[in-house]
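Beneath this line is the structure, given in structure tokens, with notes to follow.
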Amino acid sequence: MKQAHFSEISQIKTEKSQIFFVATRQKGVVIRSMFQYKGYTGELEIDIESGMLSGRVIDIKDVVSFKGKTVEETRQAFEESVDDYLEFCAELGEEPDKPFSGKLPFRTSPEHHRKIFIASRKVGKSINAWMDETLVKAAEEIIHA
């Protein structure tokens, strides 16, 4: 599927979770939304043509999915799926997948590496600290645009 350009991003916060709505321009109208709950992120797809709402937890290796007939019903199904997943792992005596480890493998060209090194040195930071700060700023701008 061709990468879509975002036409609109908005955010709703509830007591338990955050919901990000991203309207995309693609062949056939599909709206993507992200729910956040207990540190897990669920990606919801709303297919306007078929009227289907379905999703999955996107930041773990295990497969956790959910569906509903309305956005609210699907958000509740997402939260229930996360709770069920955590409960299931506890019953098995296994640690649930954590959404992120804090380690981010990164590959770049030697020239970009040099530029990153120089930029980090100019501001008196390690490459990791500089990249973390720079990437978080860029991510926040996109998330909160």
message = 5 Å is the cut-off here: which amide hydrogens, built 1.01 Å from N in the peptide plane, fall below it relative to THR41, excluding neighbours closer than 5 in sequence?
response = ILE58, ASP59
request  = Could you pull out the pairs from LYS67/LYS103; LYS38/LYS67; LYS61/LYS115; LYS98/LYS137 whose alpha carbons sit more than 29 Å apart here?
outcome  = LYS67/LYS103; LYS61/LYS115
query = trypsin sites (Lys or Arg not before Pro), restricted to the stretch 39-70: which are DSSP loop and have at most 12 other Cβ atoms within 10 Å?
reply = LYS61, LYS69
ask   = Sequence-distant or interchain residues sharing an amide H contact under 5 Å with VAL64, placed H: which?
value = VAL57
ask   = At a 1.4 Å probe, what is the % contribution of carbon and sulfur to the accessible area of the stretch 40-145?
value = 56
Heavy-atom accessible area per residue - the stretch 25-145, 1.4 Å, Å² = 73
query = PHE100 to GLU141: FRET efficiency via 1/(1 + (r/R0)^6), r the Cβ-Cβ distance, R0 22 Å, to the nearest 0.05?
reply = 0.65
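The values are calculated or read from the model by the stated rules, or taken from the named source; none is laboratory data. Just so it is clear, the structure is predicted and the values come from calculations on it, not from any experiment. Positions of Cβ are generated from backbone atoms using ideal geometry, with glycine treated the same way; all protein chains shown enter the neighbour counts. Calculation scope for accessible area: heavy atoms of the full protein, side chains included, ligands and nucleic acids excluded. Shrake-Rupley method; radii C 1.70, N 1.55, O 1.52, S 1.80 Å.
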